[in-house]
Amino acid sequence: MKKKDRYRILISGGGTGGHIFPALSIANALKARLDADILFVGADNRMEMERVPAAGYEIKGLPVAGFNRKNLLKNFSVLLKLRKSIGMARRIVRDFKPDIAIGVGGYCSGPTLKAAQKEGVPTLLQEQNSYAGVTNKLLAKKAKKICVAYPGLERFFPAEKIVLTGNPVRKDILSSSITPETARERFGLNPKLPTVLVVGGSLGALTLNESLESGINRLTDAGIQVIWQTGKNFGDRGNKAAKNLKGIVVTKFISDMAAAYAAADLVVSRAGAGSISELELLGKPAILVPSPNVAEDHQTKNARALSDKGAAVLVTDAEAREKLVDTVISIIDDSNKLQTMSAEIRKLALPDSDEKIVDEIVKILQ
């Protein structure tokens, strides 16, 4: 393909912040490097339909939904939505005529990237996890390049197509120079006391929330401060549990994640690929509690890739209610362990992932 004045680039994926933030990072890096029209394709009624326009990009929605693994009878409507989405994706590709289509994972990237491949559009995949998702495995055969965040994915993809780039993360998190003391003060906390950040995503993680709910008194008794993001599905239970306790910040959503990370000596989190990439780049010691409700149990595999190297502590979802609070207390009391975990997790970081992915996109375009 000859170099042209203005490229047309299609980016598809979403469903969670873990897919949307990398997609927007790639789009922003592309915009800085190329003169391009960028169109997103997302899933209707998912968070990308708000986040992408807020970032200044056009998005089209597909009615696609995820398969219900617990109740197979409910998948009849899912199949109907998938069929409709395939037709809509084909029309979007034919109307937009992209020079390249990029898939970042999520329900909608399957129909969109498949449609692009059928129209002869070159495709690039971004696999964020240590265990490849079904959609990317199906799309890999016809993809030009597959950008990955973990070594060893040759067991899923053709080795000659793989480029180790890491996962793009939110730039504001990395560019912040706020000190831990100032960050704690910003949250109304004592700047000198050890602080734990607990995050379970925008919807919240019931296991993390209930573990905190039953053990929050023990954390304050141990002199530990907590920034607790409950997500929007936990109602007022977090506030009730923390009532009359000092040094506990309960919030449904954290807008300033850079300050929240800076304030924390230790982070308790699910093991989504995006969260792990942020923790690696910041060198944050972490307890990872993988979600059991994800495809191929990929969060456990993500967490194990770190815990096997001493870069994080893995607590399973099943044992979290019993063990999580005690694990937090024992790690916070062990400054050597915190330092070792910080050093080991930093070794796994892959910086400038968005630029590395754009390098591959430019090679395909030009």
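The values are calculated or read from the model by the stated rules, or taken from the named source; none is laboratory data. Small disclaimer: the values here were computed from a predicted structure and weren't measured. Here the Cβ positions follow ideal geometry from the backbone for every residue, glycine too, while neighbour counts run over all protein chains shown. Note: areas computed on protein heavy atoms with side chains; ligands, DNA, RNA excluded. Shrake-Rupley method; radii C 1.70, N 1.55, O 1.52, S 1.80 Å.
Below are the figures for this structure:
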{"item": "Scan of region 232-281 for residues that are open to solvent by 30 Å² or more (accessible area, probe 1.4 Å) and in a helix (DSSP H, G or I), ordered by number", "result": "Arg237, Asn239, Lys240, Ser275, Leu281"}
{"item": "Residue within region 90-106 that is modelled with pLDDT under 85, under 20 Å from Ile9 (Cα atoms) and either touching a strand residue (DSSP E or B) at 6+ places or on another chain (Cβ under 8 Å) or open to solvent by 20 Å² or more (accessible area, probe 1.4 Å) (or both) present", "result": "yes"}
{"item": "Residue identified as surrounded by 14 or more Cβ atoms within 10 Å (Cβ to Cβ) and not basic (Lys, Arg) among Pro168, Pro158", "result": "Pro168"}
{"item": "Considering residues of region 135-155 that are within 22 Å of Glu280 (Cα to Cα) and touching an Asp or Glu at 6+ places or on another chain (Cβ under 9 Å) only, the residue surrounded by the most Cβ atoms within 10 Å (Cβ to Cβ)", "result": "Cys147"}
{"item": "Of all residues making up region 22-42, the number that are of a type in the set (Gly, Ala, Ser), surrounded by 21 or more Cβ atoms within 10 Å (Cβ to Cβ) and out of contact with any strand residue (DSSP E or B) (no Cβ under 6 Å at 6 or more places or on another chain)", "result": "2"}
{"item": "Glu154 vs. criteria under 22 Å from Lys363 (Cα atoms), at pLDDT 90 or above and not in a loop (DSSP other than H, G, I, E, B)", "result": "yes"}
{"item": "Conditions (1) modelled with pLDDT under 95; (2) outside any helix (DSSP H, G or I); (3) in contact with a Lys or Arg (Cβ under 9 Å, 6 or more places away or on another chain): number failed by Ala349", "result": "(3)"}
{"item": "Selection count where residues are crowded, with 21+ Cβ neighbours inside 10 Å and touching a residue at least 40 places away in the same chain (Cβ under 8 Å), scope region 282-297", "result": "6"}
{"item": "Unmet criterion (only one of (1) within 17 Å of Ile9 (Cβ to Cβ); (2) at pLDDT 95 or above) for Ser109", "result": "(2)"}
{"item": "Residue identified as assigned to a loop (DSSP other than H, G, I, E, B), in contact (Cβ under 8 Å) with a residue 12 or more places away in the chain and open to solvent by 20 Å² or more (accessible area, probe 1.4 Å) among Ala132, Ala65", "result": "Ala65"}
